[in-house]
Structures are given as structure tokens and as C-alpha cells.
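Below is one structure, written out as C-alpha cells, with a few remarks after it.
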Amino acid sequence: MNLHASWIASGIILVLLAVVVGVILNDGLSQPSVKSDIVTDIDTLNNQADTTLGEIVAGITVAQTFQATEPNLSRIQVHLATYRRQNTAPLLLSLSEYPSADASPLRSVEAQPGAIRNNSYHAFRFAPILDSDGRTFVLTLASPGADKGNAFTAFAGECDCYREGSLFLQGEPQPQLDLTFQVGYENPPKAGVLGELVNRMSQYKPWFFKGSALLALGLLSLAFAVLAVGSFTFPLLNDKDTCVSWAWMPLASVVIFAFTSWFILR
Amino acid sequence: MRQLEGTETGQTAGRVSVPSVTETLTKSVAFLTRDTFLVLLLGLTFFTGVFWAAVIPLWQIPDETGHFGYIQDLGERASLFPPDDYGPADVHVVFRQTGLAALPFHPETTQPFQKGSRDGPEEDAIKELPRSLRVERNTAWENGARHYPSGYYLLASLVYRTLRSQDIFTIMFGLRIFSAFLTSITVLFTYLTLKRFFRDEATAKATVLIIALSPMYIYMGMAVNVDVLIWLFLSVYLYLLTRAFADGLSPGLNLLIALNAALGLWVKQTFLIAIPFYFILVAFLNFRGPLTPARSLVPILVFFAVIAAFDGWLYLGDFIRTSPEAAGSTETQGRSVSGFLEHFQDYWDLYLRGGFDAFWGDFGWLDTSLSQRMYQFLRWGCAAAAGGLVLYLIRSGISRKIDGLTLFYLSLSITFVFSILLVSYLRLTSGEVWFLQGRYFFPMIGPIIALLVLGVVSVSNARLYKSAILTALVVGMVWFHADVLFRYVIPRFYA
């Protein structure tokens, strides 16, 4: 292979590489769940998990009231347990305004049994309630298809851990119990998805890993990867053992990558 | 730098010359021009490591809290070992106050974030925590790292002492940068070793790039963890063994090997593997002729004398744990050779997931695994490469052109893997549930990946095949790295 052909081949490989990395980055960030997670603020209303509330079988309901503090309520995360077994009945969460005479809930979400992990928060996602700010809601957990030995349970704190709400078991208030749960509000950040991601990645980090330093490090790492791969592929594709200046090609691909990323993510 | 001219240049010895700055610079530039790849490799490993260090939140790498606690102990007090079994209160408080303590083993959980800000909700409060917490030990949290020798921790405590006046984030992430630096040197020695193993620049470069681009290797390579120094010492050790294999075991080289082993044993008990490795080297050198059994005696005595002088009191005294059995175990199940073989039947799935899969990628506190499709691809790919290696060995055996260095590396790799499996068996039969992780094989990642690459490239002698397969492997690793980072790791911690 002559020198020019190997330049071109190396260049194509490196530019492709840079574009592939850009596409993976874009694809990773544009997945609906990732995007929604980044723009969602999670508010932990009770993190205390001292006890479980028993098996949520047919006929049993666990309800917790809470006050929304922001608009666009779009998620409720409940600390659940499986009793370390494979349950087969789905778990239903319904959300209504509290108090309300209207029997039909505002939102209903079904959690598939395979998606619920033992001793973990499970996210019930739903379409945002635009005017949720300041309103009081009640979330209700039920599992009409579950029976003893095939049901999930939820954790609760043995205290009045969340003073703005109450837990009800079978409609009976439990003043010394509160469900272990979080709520999420989907409010698009001012900085955009990538900007908010960088903000999140900067938190609890030293000054030299915050903000633009992070982006610079990422680009530097990519530049070295492309340069090292370039340094490896060029002699491989070139029969002649000639020392040539090849550095402009990987550098060009880094510039292309940076431009592509900026164009896609701006 | 002052040097004596004439000893190597043939000029009259004894005249002292001082090279000028220009001369030194010219030589450095000449070196860089000659091996640009080496410099790029160092840059790639270091900056990728630092980038990963910036991406992964505080203490979200297995056992990082324990290792940091040990370093903090030595950094705050002038001692050789931690004063007692408990971790400092500082780690305990910060881990909980940031909300990061809720993350391990819960992949659906992230730390609480503050919207529109680059500071965490409790960041200012944590920075204002009293310094007295760094020496308080009123927690019930036992530090599992206390059983290790203090070699790594003493070195890391120097970094700690340098950054001591800073907040805990600066100290912790500064230590991660130090680890990334150590891993860069490890990769450099791995490259030098691979060049001798393959005797072919392109294959050595491709193999070291595969290692340097392995996301799990880089992830563990920037961790505050004793293993990073073990990797470094073992990479130097393998380089020296490879030199001894090729050039013979001179007294000077033997002393270097012994010193390296002695220092490695001051880092972690894993380095006991250096002893069987040394015997394998001596056996090969005996087999190949340059070292007769009678002439082996002195080097072996020197080797053990150096180790005894440096490490005897450490290993024979009651300073560190030397038993491979689970801590506090009193009863052990019956052990036998057949029992060892049979235990693979019961634990095969765990060996596959905890050992092989986690070698390629299982992040966080081993709670962020990759897709099953990805693992299947890696399993089949490695099985094919191992098959290629077996074919290569059979072909070489038939044609009587078997490469001694390949057999040597194979012997070292088998010994290492077998030792890990044996320790795993001993621990399982002493009551431990499961402990083995893929990262425990990283000290031998160089020979393991080298043998797999050899298996792939040896399928055909055609130059085009080799160029294409090496390029595909390297480009594939870049893709794999980016995919793991952007599709698994960043969403796990920040979405």
C-alpha cells in the first residue's frame, strides 16, 4: 500500500472512530429513560426504612399522602422488597388528589413483577401532572392478583418521618409509620440535558473535576485514544517503514468529533 | 546528570562530563520521535484514568472506603499500621451525608442532586466538617483493608499528607489521580514486556491498547485500592522474568527480581505468587540449558535471602493475615481434590458471572453489569481466541517449532489462575459465601490478553489478515469503551 493510500485508510478509520464515539454519546444521552432521569428532580420524602408492611395481597391496600412542592410531578419511587423470591403478580400504583370525591385516580401505573428488585426503590413513572405544585396527593399500592407467598411488600419508617403526610393501611391511619418513598418532578433544566448532566457529574467533586474541566478531560482522553490508535494503525497499513507526519488526521477527527458533539447536543 | 564517559563508548574512562540542557532536550525529543506510541500510550492511560476518576462518584468502587480509611490512618498519624480495626469517622459521616452510602448494590439509586448547581446539596457543610473527625474512630465499621501490609498505604499517605489541608473531595480524588499515574507506569511496563513476547511491534501495540482501553481495567486502575501498586510491581516483575527468560539469569537481574518480589510482598499477599513464578523461570532455564540445577542454587538462595530479609518478620509475625480462609472461620468443610473439582459444578454460574463477566465490566460495587448480549459476545470471542491458541500450540508442537516464551507465559497464567481458584475454594469451604471478582485476574492481564491475541492472530499468516484483525480488535475496544461509559456507567450514577 503506498503512503497516500495508508494515510487515507488511517484517516477514514480514525474519523469513523471519532464519529462512532460521538454517536454512542448522543445515543446514550437521548434514550428516553436517561433523558427523563436527568431532567427529573428526585425529592426524598422519607428515607427511613425500619420495617416492612406485610405482603400486599389481593384486598390489601397501602396508601400514603404527600404534598407536591413543584410542578410536573412525574414519578414516585417506593422502597419495595420481594421476600427474595420470584413473585408473579404485578403491583399497581394509583395516584389521586387528596382528599377527593372523584373515584377515578389521576394516574395508574403497573409495575411488572420481573422489574421489581428486592430491597430497592422501584420507580413508577407517569405523564407529568403539570399543576402539581402545592397540591396534596395520595398514592395507593395494591396487587389484586397476588396471594400469600406470591406478593411484594413495601418498607416504612417507624416514626412520623414525613410530617406532611400519613400512611394508611386498609384505610386506617398509622400515625407512627410513613412509607419509604421519593417523588420526582420533570422540570427541564435551564442548562439543557448535557449541561445538567455536567452539573450532576460535578457535584461532590473537587474544583479540578467540575464543569468545563470534566469536558476538557473527556476530550483530552479521546484525543489520546485517537492519536494512539492512529500511531498504531498507520504503520500497519503502510508497507514502507517511513516516518511521516500523520498527526493531523487524528487531530482532525477530534475536531470533527467535538464539532459533531456540539452540533448534536447543543 | 553527571556520568563517566568511556565505560560504554570506548573512550578513555574517568573523565566526568555534564551534558548540556540542549543536549538533554535533543535526546528527549529524539526518544519521543523514535517511540511516539509509547508517549501516546502513557497519555491515553493516564488521561482516560483521570477522566474515569472524575466520572465515578466518591467511594463507588469496591472497598474504596476501606483503603481510603487505611491511608487516612497513616496520613493522620505517624504509624506503620492502622492503630485498630475500625475505619475513621470521617468516611462514615461523609459517605452518609452525601447520600452516596445508599448507592452500593442498589443500581437504581443515585445520590441526591441539586438542580442547576455544580455543588452537591451538602457539599459546603461537608467541607466545613471538623478535622477531628479524621482521627476519630467511634464507628462500628470494621475496616477490611487492615489485613494488608502497609506498602501501598505508606506511599499513598504521602499524597494524603501533601493534600491534608484540603477538603476530603480534593484528597480522595487526588489519590485517584495518583492511582491513574501508577496504572500508566504499569501499562508502560506491560508494553515493554509484550514487545519482547511478540517480537512484533504491531501485535504488541494492539495488545497493550486492548488492555489500556479495557473499561474495567481503567476503572479499577484509578481506584484508591492497594491493587494498583500490585499491578505495577507484577508488571515490572513479569518484564524482568521475560528478560531473564530471553537473556539468561545474571546475578544482577536475579537480585532485581528478588528485590521486586520483596517489595511486592510489602504491598499485598497476592505477591506470594512471585515465588512459584520464579521457580517456573528457573525450571524453564534449566530445561533450555543456560542454567544447570547446580548453578540454580545460588540464585535461588539469593532470591529467598532477600525476601526473608525484607518480609520475613512481616509474614511470620502477627502483623498481617496470611491465611486464605475467611476471617473468623472456625469450622471448615471437608476438602479434597475431588471436592475442588466438584465445587465448579455448584459454582460454575458464579465463576462465569463473578469471574469472567466482571473481568470485562461490572461497575459500581459490582452492581452495574453490562447486557447479557455483550457478555455472550465476549464469552464467545474469548472462547474462539482460546481455541485459536490451542490450535497454535498443537501446530507448533507438530512442526517442533514451539515457542518457549509462549509456554512460559502459559505456565505463569495457568499458575496464577489456578492459585486464585484454589484460594476461592479454600474460602468457600471455610464459610465465605462468595468473594472472587474478575479484577483479581488483572495483575496478569498482560500475559492473559497476550495469549488470547496470539490465539487470534495465529489463525493465518497472511499479512492482510493480521493487519485487519488487529485493527478490528483495537477499534472494537474503543467502541466497547465508549459504549460502556456512555450507556452504562454515566446513566447508572447520574440519570
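What do you reckon, is B:SER323 open to solvent by 60 Å² or more (accessible area, probe 1.4 Å) and at pLDDT below 90? Spelling it out, it is not the case that B:SER323 is open to solvent by 60 Å² or more (accessible area, probe 1.4 Å) and at pLDDT below 90. What tally of residues in segment A:24-39 results from selecting those that are in contact (Cβ under 8 Å) with a residue 24 or more places away in the chain and of a type outside the set (Ser, Thr, Tyr)? Count: 6.
Inspection of segment B:417-426 finds a residue satisfying the criterion of being more than 17 Å from the chain's Cα centre (by Cα) and of a type in the set (Ser, Thr, Tyr). Just one of the listed residues (B:ALA472, B:ALA495, B:ALA450, B:ALA468) is out of contact with any Cys (no Cβ under 9 Å at 6 or more places or on another chain), crowded, with 20+ Cβ neighbours inside 10 Å, within 14 Å of another protein chain (Cβ to nearest Cβ) and among the small types (Gly, Ala, Ser), namely B:ALA495. Every test in (1) open to solvent by 30 Å² or more (accessible area, probe 1.4 Å); (2) within 11 Å of chain B (Cβ to nearest Cβ); (3) within 30 Å of B:ARG463 (Cα to Cα) is passed by A:VAL21 save one, and that test is (1). Just one of (1) buried (at least 24 other Cβ atoms within 10 Å of the Cβ); (2) within 14 Å of the chain's Cα centre (by Cα) fails for B:PRO215. It is (1). Let me confirm something: among B:GLY339, B:GLY364, B:GLY334, which residue is of a type outside the set (Ser, Thr, Tyr) and open to solvent by 40 Å² or more (accessible area, probe 1.4 Å)? From the options B:GLY339, B:GLY364, B:GLY334, the qualifying one is B:GLY334.
Considering A:ALA127, A:ALA123, A:ALA58, the condition of being over 30 Å from A:ALA191 (Cα atoms) and of a type in the set (Gly, Ala, Ser) is satisfied by A:ALA58 alone.
Among the residues of segment A:44-57 satisfying the criterion of being open to solvent by less than 50 Å² (accessible area, probe 1.4 Å) and under 21 Å from B:PRO112 (Cα atoms), which is nearest to the other protein chains (Cβ to nearest Cβ)? Filtering first and then ranking leaves A:ALA49.
Taking the conditions (1) out of contact with any helix residue (DSSP H, G or I) (no Cβ under 7 Å at 6 or more places or on another chain); (2) of a type outside the set (D, E, K, R); (3) open to solvent by 60 Å² or more (accessible area, probe 1.4 Å) in turn, A:ALA146 satisfies each one other than (3).
Of all the numbered requirements in (1) in contact (Cβ under 8 Å) with a residue 40 or more places away in the chain; (2) over 24 Å from A:GLN48 (Cα atoms); (3) part of a loop (DSSP other than H, G, I, E, B); (4) open to solvent by 50 Å² or more (accessible area, probe 1.4 Å), A:ALA89 misses one, and that requirement is (4). Screening the candidates B:VAL457, B:VAL478 for the property of being buried (at least 19 other Cβ atoms within 10 Å of the Cβ) and closer than 25 Å to B:VAL228 by Cα yields one hit, B:VAL478.
Candidates in segment B:198-209 are the residues that are open to solvent by 10 Å² or more (accessible area, probe 1.4 Å) and either among the acidic types (Asp, Glu) or part of a helix (DSSP H, G or I) (or both); of these, the one that is nearest to A:LEU222 (Cα to Cα) is B:LYS205. The combined condition, being surrounded by fewer than 18 Cβ atoms within 10 Å (Cβ to Cβ), within 24 Å of B:PHE245 (Cα to Cα) and modelled with pLDDT under 90, is not fulfilled by B:ILE414. Exactly one residue out of B:ILE420, B:ILE394 is more than 14 Å from every other protein chain (Cβ to nearest Cβ), buried (at least 16 other Cβ atoms within 10 Å of the Cβ), free of Cβ contacts under 8 Å to residues at least 24 places away in the same chain and in a helix (DSSP H, G or I), and it is B:ILE420.
Go through segment A:185-204 and report how many residues are within 7 Å of chain B (Cβ to nearest Cβ), of a type outside the set (Gly, Ala, Ser) and either in a strand (DSSP E or B) or closer than 14 Å to B:ALA495 by Cα (or both).
The total comes to 6.
Once segment A:205-218 is narrowed to residues that are part of a helix (DSSP H, G or I) and facing chain B (nearest Cβ under 9 Å), the residue that is most open to solvent (accessible area, probe 1.4 Å) is A:TRP207.
Screening segment A:102-131 for residues that are part of a loop (DSSP other than H, G, I, E, B) and of a type in the set (Asp, Glu) and picking the one that is surrounded by the most Cβ atoms within 10 Å (Cβ to Cβ) gives A:ASP131.
Considering segment A:164-181 alone, what residues qualify as being open to solvent by 20 Å² or more (accessible area, probe 1.4 Å) and either at the interface with chain B (Cβ under 7 Å from one of its Cβ atoms) or not hydroxyl-bearing (Ser, Thr, Tyr) (or both)? Of everything in segment A:164-181, those that are open to solvent by 20 Å² or more (accessible area, probe 1.4 Å) and either at the interface with chain B (Cβ under 7 Å from one of its Cβ atoms) or not hydroxyl-bearing (Ser, Thr, Tyr) (or both) turn out to be A:GLU164, A:PHE168, A:LEU169, A:GLN170, A:GLY171, A:GLU172, A:PRO173, A:GLN174, A:PRO175, A:GLN176, A:LEU177.
Picking from residues in segment A:219-250 that are within 24 Å of B:PHE480 (Cβ to Cβ) and at pLDDT below 60, the one that is nearest to the other protein chains (Cβ to nearest Cβ) is A:PRO250.
When segment B:281-297 is filtered for residues that are surrounded by fewer than 16 Cβ atoms within 10 Å (Cβ to Cβ) and in contact (Cβ under 8 Å) with a residue 24 or more places away in the chain, the ones remaining, listed by number, are B:ARG288, B:PRO290. Note on segment B:218-251: residues that are farther than 13 Å from B:THR190 by Cα, more than 17 Å from the chain's Cα centre (by Cα) and assigned to a helix (DSSP H, G or I) amount to 5. For B:LYS205, indicate whether it is under 22 Å from B:PHE480 (Cβ atoms) and either within 10 Å of chain A (Cβ to nearest Cβ) or modelled with pLDDT under 95 (or both). Yes: the conditions hold for B:LYS205. Here A:VAL15 qualifies as in contact (Cβ under 8 Å) with a residue 12 or more places away in the chain, more than 9 Å from every other protein chain (Cβ to nearest Cβ) and in contact with a helix residue (DSSP H, G or I) (Cβ under 8 Å, 6 or more places away or on another chain).
The criterion of at least 3 residues that are within 8 Å of chain A (Cβ to nearest Cβ) and buried (at least 22 other Cβ atoms within 10 Å of the Cβ) is met, among helices (runs of 4 or more DSSP H) falling completely within segment B:26-130, by B:36-55.
The values are calculated or read from the model by the stated rules, or taken from the named source; none is laboratory data. As the structure is a computational prediction, the values presented were derived from the model and not from experiment. Here the Cβ is made from the backbone with ideal geometry for all residues, glycine too, and neighbour counts use every protein chain on show. The protein model used for the area step is the full one, side chains on, heavy atoms only, and it has no ligands, DNA or RNA in it. Shrake-Rupley method; radii C 1.70, N 1.55, O 1.52, S 1.80 Å.
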